Amino acid sequence: MKKYQFGTAWADWVWDLVGNNKIILDSPQHNGPFDHSKDSEMLFFVYGRKNIEIGHWGDTLIQDDDGNLNVEKG
């Protein structure tokens with residue numbers, strides 16, 4: 001089982017999920033330059049095998065031994 005807390009440094013396995021479109025990053029400012037002062041408002045759409053969950057900063061992403069993804073609210 002792997003765990004990652006949103007808002008901390010990205011682990012390599014989490015970046016792999018982003019690269020494979022299993023996690024989609026969304027920002028409150030859809031137009032204009034990226035504003036890192038609003039990072040804590042970022043949403044993380046997590047696409048599991050049978051579910052879609054939304055993660056926020058402080059929540060924990062969990063990947064079980066079978067590869068299933070879940071979000072535990074922080």
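Only the coordinates and a few stated rules stand behind these numbers; no lab work does. Keep in mind that this is a model prediction, so the values were computed, not measured. With ideal geometry, Cβ positions are generated from the backbone for all residues, glycine too; neighbour counts draw on all protein chains shown.
Need the list of lysines near LYS2 for cross-linking: C-alpha distance under 23 angstrom, and skip anything on the same chain fewer than eight residues off.
Cross-link targets: LYS22, LYS50, LYS73.
How large is the charge dipole for the chain, taken about the Cα centre, if only the Cβ atoms of Lys, Arg (+1) and Asp, Glu (-1) carry charge, to the nearest 20 debye?
With Lys and Arg at +1 and Asp and Glu at -1, about 120 debye.
If the chain between SER37 and THR60 were fully stretched, how many nm would it gain, using 0.36 nm times the residue separation less the Cα-Cα distance? List each step's numbers first, then the result.
Numbers: separation 23, 0.36 × 23 = 8.28 nm, distance 2.13 nm.
Contour length minus the Cα-Cα distance gives 6.2 nm.
Could you check the simple spin-label distance between LYS50 and LEU25, using points 7 Å along Cα→Cβ, in nm with one decimal?
About 3.1 nm, to one decimal.
With θ set to phi - 60°, apply the Karplus curve 6.51 cos²θ - 1.76 cosθ + 1.60 along segment 49-57 and write out the HN-Hα couplings as whole Hz, x wherever there is a Gly or Pro.
My calculation for segment 49-57 gives 5, 10, 8, 10, 10, 10, x, 10, 4 Hz in order.
Residue-wise, which Karplus ³J(HN,Hα) couplings in Hz belong to segment 3-13, taking 6.51 cos²θ - 1.76 cosθ + 1.60, θ = phi - 60°, and x for glycine or proline?
Karplus-based 3J(HN,Hα) across segment 3-13 equals 10, 9, 9, 4, x, 9, 4, 6, 7, 4, 5 Hz.
With no solvent and one point on each alpha carbon, what is the Debye value of log10 I(q)/I(0) for the chain at q = 0.14 Å⁻¹?
Normalising to I(0) and taking log10 leaves -0.42.
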